[in-house]
Amino acid sequence: MAKIMAIDYGIKRTGIAVTDDMQIIASGLTTVDTPKLFSFLTEYLKKEKVEAILVGDPKQMNGMPSETAEMINTFVEKLRNEVNEIEIVRVDERFTSKLAFQSLIQSGAKKKQRQDKGLIDEISEAILLQDYLSQKK
């Protein structure tokens, strides 16, 4: 089996999470400066087998696309062209950042850690990915 990756694409930074090879557990991998994302992905995909990449689909509470949807759609099209052999899956990402922040509080994280937006991006993608794995079974 190959891993599944989740990407929380952002203007400044992008959170990345991956599963283990058995696709049982999702964990945060890293946060990458967005301008360096494609070079990071190229290097990572040379070393690791990935069968699918999840990309968050940002929506408003009423289900309509958020203001960042167009930027993320452009990213997804470029990603499809770069990694055309890997399935790209769009998933609703509403509430993942709030859940990530809540999990930091519950884990006893210090205030400085809770303010680390990169860490929150990474955790939110792990939550999104673990939720996807749970629904897939």
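The values are calculated or read from the model by the stated rules, or taken from the named source; none is laboratory data. Since the model is a prediction, treat every value here as computed from it, not as a measurement. Quick reminder, even Gly has a Cβ in these numbers, built from the backbone with ideal geometry, and neighbours come from all protein chains shown. Each accessible area value is taken on the protein alone, full model and side chains, heavy atoms only, with ligands, DNA and RNA left out. Shrake-Rupley method; radii C 1.70, N 1.55, O 1.52, S 1.80 Å.
Would you mind listing how long the chain runs along its three principal axes, going by Cα atoms, in whole Å with the largest first?
40, 34, 31
What fraction of the DSSP beta bridges in the chain is antiparallel, stated in percent and rounded to the nearest 5?
On the way: 12 of 23 bridges.
Within the chain, antiparallel bridges account for around 50 percent of the total.
Taking H placed 1.01 Å from N in the peptide plane, check which residues at least 5 places from VAL89 or on another chain put their amide H under 5 Å from its amide H.
Correct list: ILE53, LEU54, VAL55.
Using a 1.4 Å probe over the heavy atoms of the protein chains, calculate the carbon and sulfur portion of the accessible area of the chain as a whole percent.
It is 52 percent, rounded to a whole number.
Using the heavy atoms of the protein chains alone and a 1.4 angstrom probe, what is the accessible area of the chain per residue in square angstrom?
Details: 8160 Å² over 137 residues.
Per-residue value: 60 Å².
With charges only on Cβ, +1 for K and R and -1 for D and E, what is the dipole size of the chain about its Cα centre, in debye, rounded to 20? Could you put the intermediate results ahead of the total?
On the way: 20 positive and 21 negative charges, 108 e Å.
Rounded to the nearest 20 debye, it is 520 debye.
Nearest 500 deg cm²/dmol is fine: what mean residue ellipticity at 222 nm does the chain get from its DSSP H runs of n ≥ 4 alone, each adding -39,500 (n - 2.57), divided by its residue count?
-13500 deg cm²/dmol
Order 21-30, 56-65, 122-131 from most to least packed using the mean count of other Cβ atoms within 10 Å. Please list the in-between numbers first.
Working: 21-30: 15.8, 56-65: 12.6, 122-131: 24.7.
Answer by packing, highest mean first, reads 122-131, 21-30, 56-65.
Determine the relative contact order of the chain: mean sequence separation of Cα pairs under 8 Å and six or more apart, normalised by residue count, in whole percent. Before the final figure, lay out the partial values.
Numbers: 226 pairs, mean separation 43.4, N = 137.
Answer for the chain is 32 percent.
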